[in-house]
Amino acid sequence: MNPHVTRSRRFGVVAAVLGALVIGFFALPNAGVITEVSLESRLAGADGSRIGSIDVPILVVTLLIGLAVLALAALLLTVRLPDHVNVVGGAAVGLFVVAFLLWAARGDTLFAVDLARLSLRSAVPLTLGALAGVLCERAAVVNIAIEGQLLAGAFTAVVVASVTASPMAGAGAGILGGVVIAAMLGLLSIKFSTDQIVAGVVLIVFAAGLTSFLASQWLSTSPEMNSPATFSAVEIAGLSSIPVLGPILFDQSLLVYATLVAVVGLQVAIFRTRWGLRLRAVGEHPKAADTVGINVSRTRWLAVLAGGVLAGLGGAFLSIDAASSFTEDMSAGKGFIALAAMLAGRYNPRGAFGAAMLFGLAEASARALQGFDVGIPSQLLLAIPYVVTIIVVSGLIGRLRIPGASGQHYATE
């Protein structure tokens with residue numbers, strides 16, 4: 001059977017189950033129950049975006065959402081959508097999350113703008129890690145070491161930002177930390193032809209062990225080295241005051257804006273430039289690329305180091321933007337979730353960003369749900385992003401067309 005049809009049907013079955021759950025558990029048992037949805041932000045500084053809140057009748061709204069999810073399920077089950085299965089399936093999952101949050105906040109207030117804002121921020125390290133993976137995979141280098149690059153970037157960023165009292169210097173140091181791990185990956189996988197998956201695992205263990213040791217032996221005894229200057233939100237004049245969208249998109253830190261620029265820039269660079277064509281040629285058929293004069297080794301090195309830049313910046317975001325200190329193992333598996341986002345996005349920057357936003361929404365929802373009485377222990381709520389990752393990777397991605405030479409070593413003849 002056509003793999004696109006199989007994946008579409010798989011998504012369709014899942015969407016049908018989600019739609020039934022919305023109608024049966026969220027809508028029908030809650031007639032007359034209201035959820036107040038706040039459209040103002042408690043976090044952003046854009047006063048012009050404050051337009052109050054609305055009362056949402058759970059029965060009506062979740063019933064409409066459930067019917068919409070069932071309609072998307074029918075579309076997936078009956079119509080061939082080879083290029084849009086992920087989009088339609090993702091829309092169904094997103095609608096289910098909205099219905100679930102409305103149900104969880106029944107009789108209370110759901111701060112929708114803050115949830116969307118937090119979802120975007122939660123997606124930043126995942127996006128940067130996924131983009132690092134996309135660059136490497138397109139050059140046929142399997143980068144399992146994203147977790148290690150995030151940790152190295154987070155540690156070096158917090159130390160330099162503490163010493164210099166400059167978040168920009170910290171971000172630069174975070175990039176350097178990511179590049180160091182990337183250079184080690186390049187040496188092992190490109191120079192010495194080590195098994196790339198084994199090399200990546202070794203580098204994760206190395207980065208985790210080293211940063212944990214330094215944090216316990218150095219940062220714990222010198223707290224001034226773990227008190228960095230952090231990035232603050234930068235309002236874009238005229239845009240940050242737009243209702244709803246303003247505080248979500250235009251009142252963010254520089255690293256958030258840099259992430260959005262990186263997604264667009266890489267999408268164009270990989271699929272619309274000569275450099276991108278050469279990169280993809282090296283990943284698909286390095287011998288043919290070598291024959292026409294493309295330096296395979298240099299192209300792979302550049303891709304790996306550029307990936308280190310992005311992942312290191314993601315680590316810097318963790319320690320001097322999302323938080324204001326470094327803690328042991330603070331990446332908490334985000335490098336592996338970034339790999340899942342890369343796979344779900346099918347080695348495409350735009351798709352990787354969309355998947356990272358889904359995982360970011362899962363993380364933000366897990367935090368928001370802790371403030372509501374949903375009858376689920378908080379420890380289980382914090383596991384939601386990992387559960388979503390497992391479901392996406394194991395059941396919904398379907399058959400992937402990986403770059404033809406992925407993981408293969410090549411030496412110029």
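The values are calculated or read from the model by the stated rules, or taken from the named source; none is laboratory data. Note that the coordinates shown come from a computational prediction; the quantities given were computed from them, not determined experimentally. Neighbour counts are summed over all protein chains in view; Cβ atoms, including those assigned to glycine, are modelled from backbone coordinates with ideal geometry. Note: accessible area is taken over every heavy atom of the protein model, side chains too, but ligands, DNA and RNA are not part of it. Shrake-Rupley method; radii C 1.70, N 1.55, O 1.52, S 1.80 Å.
What the table below lists for this structure:
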{"quantity": "Which listed residue, of 47, 83, is modelled with pLDDT under 75 and under 23 Å from residue 120 (Cβ atoms)", "calculated": "47"}
{"quantity": "Single unsatisfied condition, residue 200 versus (1) open to solvent by 30 Å² or more (accessible area, probe 1.4 Å); (2) at pLDDT 95 or above; (3) within 20 Å of residue 307 (Cβ to Cβ)", "calculated": "(1)"}
{"quantity": "Some residue of the stretch 251-267 being farther than 20 Å from residue 128 by Cβ and open to solvent by 50 Å² or more (accessible area, probe 1.4 Å)", "calculated": "no"}
{"quantity": "Residue match in the stretch 236-246 (condition: in a helix (DSSP H, G or I) and modelled with pLDDT under 90)", "calculated": "yes"}
{"quantity": "Exclusive hit being modelled with pLDDT of 95 or more and under 30 Å from residue 27 (Cβ atoms), set 123, 161, 152, 132", "calculated": "123"}
{"quantity": "Residues satisfying the stated conditions in the stretch 24-38, i.e. under 18 Å from residue 110 (Cβ atoms) and open to solvent by 10 Å² or more (accessible area, probe 1.4 Å)", "calculated": "25, 26, 30, 32, 33, 34, 36, 37"}
{"quantity": "Top-ranked residue of the stretch 164-190 - restricted to ones that are out of contact with any Phe, Trp or Tyr (no Cβ under 9 Å at 6 or more places or on another chain) and more than 30 Å from residue 227 (Cβ to Cβ), ranked as surrounded by the fewest Cβ atoms within 10 Å (Cβ to Cβ)", "calculated": "187"}
{"quantity": "Subset of the stretch 298-340 (residues that are of a type in the set (Val, Ile, Thr), touching a Phe, Trp or Tyr at 6+ places or on another chain (Cβ under 9 Å) and over 16 Å from residue 255 (Cβ atoms))", "calculated": "299, 337"}
{"quantity": "Which listed residue is closer than 30 Å to residue 401 by Cβ and modelled with pLDDT of 90 or more, from 91, 99, 74, 68", "calculated": "74"}
